[in-house]
1. Each label point is 7 Å from the Cα along the Cα-to-Cβ direction; what then is the distance between the points at VAL46 and LEU68, in nm?
2. Taking all protein chains in place and a 1.4 Å probe, what share, in percent, of the accessible surface of the range 13-69 do carbon and sulfur account for?
3. Whenever you get a sec, line up TYR48, TYR34 from highest to lowest accessible area (probe 1.4 Å, protein heavy atoms).
4. Full extension from ILE154 to THR106: what is 0.36 nm times the residue separation minus their Cα-Cα distance, to one decimal in nm?
5. Calculate one ³J(HN,Hα) per residue across the range 33-47 by plugging θ = phi - 60° into the Karplus curve 6.51 cos²θ - 1.76 cosθ + 1.60, and present them in order as whole Hz with x for glycine and proline.
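The values are calculated or read from the model by the stated rules, or taken from the named source; none is laboratory data. What you are looking at is a predicted structure, and each value in this text was computed from that prediction instead of being measured. Note: ideal-geometry Cβ built from the backbone for every residue, glycine included; neighbour counts use all protein chains shown. Surface areas here come from the heavy atoms of the whole protein model, side chains and all, with no ligands, DNA or RNA. Shrake-Rupley method; radii C 1.70, N 1.55, O 1.52, S 1.80 Å.
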Amino acid sequence: APIGTGPFKFVSKEVDPADNTTDLSVLFARNEAYWGGAPAIEFLEVKYFNDTDAVEAALLSGDLDMALGIGPLTSSQVRNFETKHSGTFETIRSDVFQNTVIVLNTGMAPTDDINVRKAIIHAINKAPMVEEEFFGLNQVVSQLFPKSAPFSDINLFPQWDYDLEKAALLNCPGYLERRLAAIPWN
């Protein structure tokens with residue numbers, strides 16, 4: 001069994017008998033010989049949960065002390081802990097390191113046409129989506145990785161911003177000509 005040189009030592013693990021590969025829980029014990037000083041916590045148990053509702057229930061019941069990482073709770077659940085349970089729970093967020101992306105299949109029509117892809121991108125207003133779906137916990141991005149990701153603090157050009165006029169021009173050839181023709185010039 002692995003021992004490790006960090007603040008905790010491996011003690012045991014419980015494996016899901018259904019697949020014999022998924023670790024349901026892993027138990028670690030304080031490493032009294034840790035070079036940085038023994039941690040205050042005697043035991044650390046890492047548990048597997050197969051959905052966010054189970055994580056939320058375990059936190060609220062006291063069976064779980066902490067949820068860490070990307071995705072153990074939905075944005076709505078995080079907001080709920082911040083507002084309804086702020087006296088009991090503390091939520092700490094780091095910089096956004098993961099994006100929610102919309103993927104377009106560029107190998108098939110109609111999205112094999114760059115102008116159709118540009119029209120789609122210009123037609124999507126990401127700001128209200130981030131605010132309403134992610135409760136403002138994420139940020140609007142214009143590239144695959146957030147700027148807080150390693151080596152991603154760059155500005156890519158051109159920026160494909162929300163612009164329905166551009167989307168209409170790209171999606172409907174002749175749109176501008178029809179609009180100009182409809183304007184009374186006298």
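1. Computed distance between label sites VAL46 and LEU68 equals 0.8 nm.
2. About 52 percent, which is the carbon plus sulfur part of the accessible surface.
3. TYR48, TYR34
4. Using 0.36 nm per residue and subtracting the Cα-Cα distance, I get 14.8 nm.
5. Ordered by residue, 3J(HN,Hα) equals 9, 4, 4, x, x, 5, x, 6, 7, 6, 10, 10, 10, 9, 10 Hz.
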